[in-house]
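Novice: Okay, handing you the structure first.
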2 protein chains.
Amino acid sequence: MLFPALVDAWVGNPDWQVFAVTSGIVIFVGSILFATNFARHEELTVQQAFLLTVSIWVIIPTFGALPFVYSELSLSYTDAFFEAMSGLSTTGSTVITGLDGAPPGILLWRGLLQWFGGVGIIIMAVIILPLLQIGGMQLFKVAAFDTSEKVLPRAAQLGFAISILYVALTMICGVALWVAGMTPFEATCHAFTTIATGGFSTSDGSVGHFDSSLIDYIVVMFMIVGSMPFILYLKLVRGQSWILWQDSQVRWFLALLALLVSFVTLWLWLGGQYDLAGALRFASFNVVSIVTGTGFATTDYTTWGSLAILLFFFIMFIGGCAGSTSCGIKIFRFQVLCSMLASQLKHVLRPSGVFIPRYNGQPITEDVAGSVISYLFLFIASFLVLAVGLSLTGLDFVTAVSGAGTAMANVGPALGPMIGPSGTFQALPDTAKWFLTFGMLLGRLELFAVLVLFIPTFWRA
Amino acid sequence: MLFPALVDAWVGNPDWQVFAVTSGIVIFVGSILFATNFARHEELTVQQAFLLTVSIWVIIPTFGALPFVYSELSLSYTDAFFEAMSGLSTTGSTVITGLDGAPPGILLWRGLLQWFGGVGIIIMAVIILPLLQIGGMQLFKVAAFDTSEKVLPRAAQLGFAISILYVALTMICGVALWVAGMTPFEATCHAFTTIATGGFSTSDGSVGHFDSSLIDYIVVMFMIVGSMPFILYLKLVRGQSWILWQDSQVRWFLALLALLVSFVTLWLWLGGQYDLAGALRFASFNVVSIVTGTGFATTDYTTWGSLAILLFFFIMFIGGCAGSTSCGIKIFRFQVLCSMLASQLKHVLRPSGVFIPRYNGQPITEDVAGSVISYLFLFIASFLVLAVGLSLTGLDFVTAVSGAGTAMANVGPALGPMIGPSGTFQALPDTAKWFLTFGMLLGRLELFAVLVLFIPTFWRA
Ligand SMILES: [K+]
Ligand SMILES: [K+]
């Protein structure tokens, strides 16, 4: 947190003391945690790995909320924690209105939370989740980890490489946005939250505030970059030029985006509201923003009509690729499902035949299939419980349902007059904010990591 | 169709000629079909079985729609086909307003369509679906069918026994409703549509028209009776007194109903709108009606607040037990999913352990698991496509989403001002009506039976 403190000191804002104090606390607590939990155990048990993972994602926003409380915004702790969790989980739902006049330190802090959250989740997805064997993430186990006994040094090396790459991509994005017309500060903040598919902006009007088609397309490109498997970029850098295209998850993801963008472009264009170029610009930006779970908006797409509302509700669950900063259900799970369905249909027509579902050319093991299915079932169940919980606090049907979805898929904006793309989460009851905060955590940690903590046998082991 | 003709002749309504002519056509076409398709093949191929099944469920409403066209209601063919498919599939969505003054023959015809549809689906679920191995229905393969080579005689015997039982239960229900205060005609119509979990009524006010708590509870009881596996009733009659309670699907179903009714009762009572007895009466009737997919209403529950709207939207997907007249996703599929999820969670905590999911005490085979999962995935996918299709015809979010759900789960009423429990489907655009009609067929035939016809390889075999 020294960086926002310097920025605030530089623009002469008294908030810098707040950042300095907060940074001190976080560094202090962080060191203790690191010392006791991580360094002392070279080999973590499964239980400890779960507990450590969840602790990190709860403790950081617990302290990361402090700048929002102590700054001139004076948010309540509920609001501040909501904002911090929304940042770290790269959700991007906000309770702050008047972003355009907010202290730069606060804007930068929001961007940094998302930026750290983004790289944190990539490293977690590559290093920890496959070992925990949850939600089908074991498909992405890095081969080297299986043979080597010393996991930690290899993991640290991999994490370092990913971080370097992440910084480099952020810088390219930032420079491009700056060249395209943003101020250096705006470009920095938006680079942080674009590569992290986070969606926090420096303006209430989100990216629409800049009203530049060049900026729109740059952001579209880096939202897509942020939603693809970062481990493939490493391979790309090491000379495997076609690696991205060889990955079936990436192919499906890009094909799906192309399909959805074409459909919405055509529909907007035929609707007569935009010319073809305008339709493509608004369709590509907003569709990519919601599918990747970034949550920027360049216009209030809920005014496009009932088809748009329905479509934007459904596509927010899709998400990007595993091993990216994107959340949601993720492409590979749909691939596993489609493959299982195709085998099943063939089996129905030829009951004597044996048809094996495959992912990326490999047979899908019963273990992977079972954990993908369990993930989806848990996702739907959690979504229903969360939506019912939200409606118990008095929210209407559309707000409750879309709020639950946007939180669990870490998207950001929801639907309806309150929490739609042109609203904020400010006016929701505190209980609803806590429910949503929990939903963000649940979605970000692929459900299982959080929910196992609620199983009594977890604590008995 | 001779029965409604006699009723109309009896009450002196000229519609009887319409019924007589229609009956003639149906009997004629039916005989030809029976002769060519069924009697000549003692052993059907899988393809023929699929084709025969779907044909029956398309041809009957094609002709069953005629009375609605030629009666004094003079419905358009779209409306008439919608009404007939809604009847035969036991959905119960209606395009007719002014039921209270409609010709008795028409009211009876609607009841009969549902009644025949109800017994048709039970027989199909017991005899055909397990052989087609779709949607996990192979769990309910009748043991005797596996060993015997001559399936047809056994099947006919079983179908006959189920039909007798179905008639007997309908008569008990009818007499109970008559004693409770309905006219013999109303009691007959409601007995038909209650046991079939169909939901067509003789009044625009549905069962709420009678305003009798005795009638409400009788209907609740027989909606539950209609949603349990009829093959268990046969065993019950043959002296296996505890068979119902020994079946885990029945136990889960009743427990779930008890839980939901208690929750809604408590919530209504605490809300202060009803006293405890009133809350129990309205909660039990409307919750049971929607969970079982019957679709009767005794009040407009959408005025109960946002929690009720959300809850009634979710519970309409649940459905009853396999082998009943009820539709929806069905209890056993949730049991299979829960069991898979439980095994998965145990496996996550103890990666070295082996945990086998079970249904009713038996291990769930990979085949059954795969086909349950495929069913659910297809259900969700079809639901999304149907909802998008409906919103393309201009329907709003809530109408499109709840309309798609109510059609596919064969429930009847949806949500929103147009097609909620106090509205009708009359005002929808024709395209939307055809979409919904297709959705009803899809849901009723467990998706696969219809969708395989769209696979090119189906026709090549
Ligand atoms: K986001
Ligand atoms: K129904």
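The values are calculated or read from the model by the stated rules, or taken from the named source; none is laboratory data. Predicted, not measured: the structure shown is a model, and the values here were computed from it. Counting neighbours? That spans all protein chains shown, and the Cβs are built from the backbone with ideal geometry, glycine included. Heavy atoms of the whole protein, side chains included, go into the accessibility calculation; ligands, DNA and RNA do not. Shrake-Rupley method; radii C 1.70, N 1.55, O 1.52, S 1.80 Å.
Novice: Within segment B:322-329, is there a residue that is more than 16 Å from ligand 2 (Cβ to nearest atom), in contact with a Lys or Arg (Cβ under 7 Å, 6 or more places away or on another chain) and part of a loop (DSSP other than H, G, I, E, B)? If you could, list the steps in order and put the result at the bottom.
Specialist: Within segment B:322-329, the first condition is being more than 16 Å from ligand 2 (Cβ to nearest atom), and the residues that meet it are B:322-323.
Checking the rest, the ones that are also in contact with a Lys or Arg (Cβ under 7 Å, 6 or more places away or on another chain) come to B:322.
The next check asks that each one be part of a loop (DSSP other than H, G, I, E, B); those that pass are B:322.
Yes, the conditions are met somewhere in segment B:322-329.
Novice: Just give me the residues in segment A:292-327 being within 14 Å of chain B (Cβ to nearest Cβ) and of a type in the set (Val, Ile, Thr), in sequence order. Explain how you work it out, then say what you get.
Specialist: The first filter runs over segment A:292-327 and keeps only residues within 14 Å of chain B (Cβ to nearest Cβ), leaving A:301-318.
Selection gives A:Thr302, A:Thr303, A:Ile309, A:Ile315, A:Ile318.
Novice: Right, something else. Of the conditions (1) within 16 Å of ligand 2 (Cβ to nearest atom); (2) under 22 Å from B:Thr302 (Cα atoms); (3) touching a residue at least 24 places away in the same chain (Cβ under 8 Å), B:Leu442 fails just one. Which one is it?
Specialist: (2)
Novice: When you scan segment A:248-260, do you find a residue that is charged (D, E, K, R), within 22 Å of A:Ala125 (Cα to Cα) and over 22 Å from the mean Cα position of the chain (by Cα), even just one?
Specialist: no
Novice: What helices (runs of 4 or more DSSP H) lie completely within segment B:192-306 and have 3 or more residues being open to solvent by less than 40 Å² (accessible area, probe 1.4 Å)? Walk me through how you get there before you give the answer.
Specialist: Values: elements: B:213-226, B:230-237, B:243-246, B:248-271, B:276-291.
The helices (runs of 4 or more DSSP H) meeting that bar are B:213-226, B:230-237, B:248-271, B:276-291.
Novice: Which one is farthest from ligand 2 (Cβ to nearest atom), of the residues in segment A:89-107 that are under 17 Å from A:Met408 (Cβ atoms) and open to solvent by less than 10 Å² (accessible area, probe 1.4 Å)?
Specialist: Per the stated criteria, the residue is A:Thr90.
Novice: If a residue has to be polar (S, T, N, Q) and in contact (Cβ under 8 Å) with a residue 40 or more places away in the chain to count, how many in segment B:302-316 make the cut?
Specialist: Adding up the residues that qualify gives 1.
Novice: Moving on. For B:Val219, indicate whether it is aliphatic (A, V, I, L, M) and in contact (Cβ under 8 Å) with a residue 24 or more places away in the chain.
Specialist: Spelling it out, B:Val219 is indeed aliphatic (A, V, I, L, M) and in contact (Cβ under 8 Å) with a residue 24 or more places away in the chain.
Novice: Ok, one more. Count, please, the residues in segment A:409-424 that happen to be within 16 Å of ligand 1 (Cβ to nearest atom), surrounded by fewer than 24 Cβ atoms within 10 Å (Cβ to Cβ) and away from chain B (no Cβ under 14 Å). Talk me through it step by step, then tell me what you get.
Specialist: Step one: of segment A:409-424, the residues within 16 Å of ligand 1 (Cβ to nearest atom) are A:409-415, A:419-421, A:423-424.
With surrounded by fewer than 24 Cβ atoms within 10 Å (Cβ to Cβ) added as a condition, the list becomes A:420-421, A:423-424.
Checking which are away from chain B (no Cβ under 14 Å) leaves us with A:421, A:423-424.
Final tally of qualifying residues: 3.
Novice: I've got another one for you. Filter segment B:349-400 down to the residues that are more than 9 Å from every other protein chain (Cβ to nearest Cβ), polar (S, T, N, Q) and in a helix (DSSP H, G or I) and list them by number.
Specialist: Matches in segment B:349-400: B:Ser382 only.
Novice: Can you list residue pairs whose Cβ atoms sit under 9 Å apart, with the first residue in segment A:280-297 being away from ligand 2 (no atom under 16 Å from the Cβ) and of a type in the set (Lys, Arg) and the second being open to solvent by 10 Å² or more (accessible area, probe 1.4 Å) and not in a helix (DSSP H, G or I)? Count only pairs 6 or more apart in sequence or on different chains.
Specialist: What qualifies is A:Arg281/A:Tyr274; A:Arg281/A:Thr298.
Novice: Pull out all pairs, ordered by first then second residue, where Cβ-Cβ is under 7 Å, the residues are six or more apart or on different chains, the first lies in segment A:82-97 and is closer than 17 Å to A:Cys327 by Cα, and the second is away from ligand 2 (no atom under 16 Å from the Cβ) and basic (Lys, Arg).
Specialist: A:Gly87/A:Arg110; A:Ser89/A:Arg444
Novice: Of the residues A:Ala449, A:Ala427, which single one is in a helix (DSSP H, G or I), of a type in the set (A, V, I, L, M) and more than 16 Å from ligand 1 (Cβ to nearest atom)?
Specialist: A:Ala449
Novice: Sticking with this structure for a sec: Can you give me the number of residues within segment A:317-363 that are among the β-branched types (Val, Ile, Thr) and either open to solvent by 20 Å² or more (accessible area, probe 1.4 Å) or free of Cβ contacts under 8 Å to residues at least 24 places away in the same chain (or both)?
Specialist: Here is the first cut: in segment A:317-363, the residues among the β-branched types (Val, Ile, Thr) are A:318, A:325, A:329, A:331, A:336, A:348, A:354, A:356.
If we keep only those that are either open to solvent by 20 Å² or more (accessible area, probe 1.4 Å) or free of Cβ contacts under 8 Å to residues at least 24 places away in the same chain (or both) as well, we get A:318, A:348, A:354, A:356.
Residues in segment A:317-363 being among the β-branched types (Val, Ile, Thr) and either open to solvent by 20 Å² or more (accessible area, probe 1.4 Å) or free of Cβ contacts under 8 Å to residues at least 24 places away in the same chain (or both): 4 in total.
Novice: Under 7 Å between Cβ atoms, at least 6 apart or on separate chains: pull out the pairs that start in segment B:178-203 with a residue that is free of Cβ contacts under 8 Å to residues at least 24 places away in the same chain and end on any residue that is open to solvent by less than 20 Å² (accessible area, probe 1.4 Å) and away from ligand 2 (no atom under 16 Å from the Cβ).
Specialist: The qualifying pairs are B:Trp178/B:Ala187; B:Ala187/B:Gly174; B:Ala187/B:Leu177.
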